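S.K.: I have a structure I would like to understand better, so I am pasting it below and will then ask my questions one at a time.
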Amino acid sequence: MDKNTVTIENQYLAVKARLTGGALTSVKDKGRGEELLYQPRKDSWDDQDIIIFPFVARLKDKYYELDGRRYDMEIHGVARKSDFAVESVSQSAVTLLLSSNADTMKRYPFPFELRVSYKLEGKKLTTSLSVTNTGNGELPFMLGGHPGYRLDCRENPELTDTSGNFIVWEKRDYKYLTLDESGGFITGEADFGTSEGFETTKDFFVRYNTLMIKNFEGPLLLKKRTRTLRFTLGKVPVLAFWSNPKFGDYICIEPWFGRPDDVEPVREFRNKPLMNTLAAGKTFRYTYSMEVL
């Protein structure tokens, strides 16, 4: 038994999450014996899911300032490499807890509790994220998810062909955040146009690197060649889509309450675009789900 993972299951699904990072590591359809979550490979992405807190994606030069003092932080914040505790667990649900500690305070000097809950109901997996301000002052933070779900593909020596898989949403006119040549930092925004989604080809990710849709609203479908998954996401300031532009049979569907730094960044952490603020003793909650249709 792996002491770093916890498993929940029901008649339809079996789900594993790891205590280091609190993220998903397996979502299996028991009826088909099929793994739905991406499994890491060295030539593509060596992860599967990330709990993003307290900053989304990259800080310019890997640091921010707080009241004139510099703090270093790697991509996606402090939670992804921190050890969570099992706060509660049953056969079909688990809640993991990360409390601020000496290590997190070095990189993010605020008291907090971060909870990640996974719950199975039928063929639906619900993920709930919550941040509680356990300090006396205001808590600035960003928050997000990063699950990578497998696509149907054809493997070639030079390219993973993921054509024939589609992201489908309700027809709507969206804008997206544009990136610099490095693919890490925001340069502005542009019209994605009125659409109902896109095909998840590798060429798509060559073009966009990470597609960051602003003010996404409503559910979406991941229509694979063989089956469909439904994601209920509600309203999010940014919904990001990412995959390695050459190899890997997956797409990451990432609800973000926050965004990466600009090419010319605001250094003061509290003043960064899309920063959230939580009063002392208050809790912020966000819930989303994936359902096998």
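The values are calculated or read from the model by the stated rules, or taken from the named source; none is laboratory data. The model shown is predicted, which means the values in this text are computed figures rather than measured ones. FYI the Cβ positions are ideal-geometry reconstructions off the backbone, even for glycines, and counts take in every protein chain you see. Note: areas computed on protein heavy atoms with side chains; ligands, DNA, RNA excluded. Shrake-Rupley method; radii C 1.70, N 1.55, O 1.52, S 1.80 Å.
S.K.: Where only protein heavy atoms count, and the probe is 1.4 Å, what is the accessible area per residue for the chain in Å²?
M.R.: Value for the chain: 45 Å² per residue.
S.K.: Using only the Cα atoms, what convex hull volume per residue in Å³ does region 196-266 have?
M.R.: Output value, Cα hull per residue: 103 Å³.
S.K.: Moving to a separate point now. Separation between the SER182 and ASN136 pseudo-spin-labels, each 7 Å from Cα along Cα→Cβ, expressed in nm?
M.R.: Taking the two extended label points, one gets 3.9 nm.
S.K.: Can you figure out the FRET efficiency of LYS171 with ILE75, using R₀ = 35 Å and their beta-carbon distance, to the nearest 0.05? Each step should come with its number before you reach the end.
M.R.: On the way: r = 33 Å, r/R0 = 0.95.
So, using R0 = 35 Å, E works out to roughly 0.60.
S.K.: Could you work out how far apart the two model spin labels at ALA14 and VAL86 are, taking each label as a point 7 Å from the Cα in the direction of the beta carbon, and quote it in nm?
M.R.: Placing both labels 7 Å beyond Cα along the Cβ direction yields 1.6 nm.
S.K.: I've got another one for you. Once the convex hull of the alpha carbons of region 164-293 is built, what does its volume come to per residue, in cubic angstrom?
M.R.: It is 123 Å³ per residue.
S.K.: Right, another one. Among the listed pairs LYS42/LYS124; LYS124/LYS235; LYS3/LYS224; LYS202/LYS272; LYS60/LYS223; LYS30/LYS246, give every one whose C-alpha distance is greater than 27 Å.
M.R.: Flagged as over cut-off: LYS42/LYS124; LYS3/LYS224; LYS202/LYS272; LYS60/LYS223; LYS30/LYS246.
S.K.: Averaged over all directions, how much area does the convex hull of the C-alpha atoms of the chain cover when projected, in nm²? Before the final figure, lay out each step's value.
M.R.: Details: hull surface 60.7 nm².
Mean orientational projected area (the chain, Cα hull): 15.2 nm².
S.K.: For region 78-142, what does the alpha-carbon gyration tensor say about shape, rounded, prolate or oblate, given a ≥ b ≥ c as the root eigenvalues, a/c under 1.5 as rounded, and a/b over b/c as prolate?
M.R.: prolate
S.K.: Let me have the 222 nm mean residue ellipticity of the chain computed from DSSP H runs of 4+ only, each contributing -39500 (n - 2.57), with the sum over all residues rounded to the nearest 500.
M.R.: The helix-only estimate for the chain comes to -1000 deg cm²/dmol at 222 nm.
S.K.: In nm, to one decimal, how far is the GLU35 label point from the ALA102 one, both placed 7 Å along Cα→Cβ?
M.R.: Each label point is offset 7 Å from its Cα along the Cβ direction, giving 3.7 nm.
S.K.: Same structure again: In debye, nearest 20, what is the charge dipole magnitude of the chain about its Cα centre with +1 on Lys and Arg Cβ and -1 on Asp and Glu Cβ, if you could check? Please report the intermediate quantities before stating the final value.
M.R.: Numbers: 42 positive and 41 negative charges, 129 e Å.
Taking the Cα centre of the chain as origin, the dipole is about 620 debye.
S.K.: When the accessible area of the chain is split by element with a 1.4 Å probe, what percent falls to carbon and sulfur?
M.R.: Accessible surface attributable to carbon and sulfur in the chain totals 45 percent.
S.K.: Give the calculated FRET efficiency between ASP43 and SER195 to the nearest 0.05, with a Förster radius of 25 Å applied to their Cβ-Cβ distance. If you can, show how the numbers build up before the last one.
M.R.: On the way: r = 31 Å, r/R0 = 1.23.
Rounded to the nearest 0.05, the efficiency is 0.20.
S.K.: Let me ask you something else. First measure r as the distance between the Cβ atoms of GLU113 and ASN156, then evaluate 1/(1 + (r/R0)^6) with R0 = 41 Å and state the FRET efficiency to the nearest 0.05. Each step should come with its number before you reach the end.
M.R.: Details: r = 46 Å, r/R0 = 1.13.
Step by step, r from the Cβ atoms, then E = 0.30.
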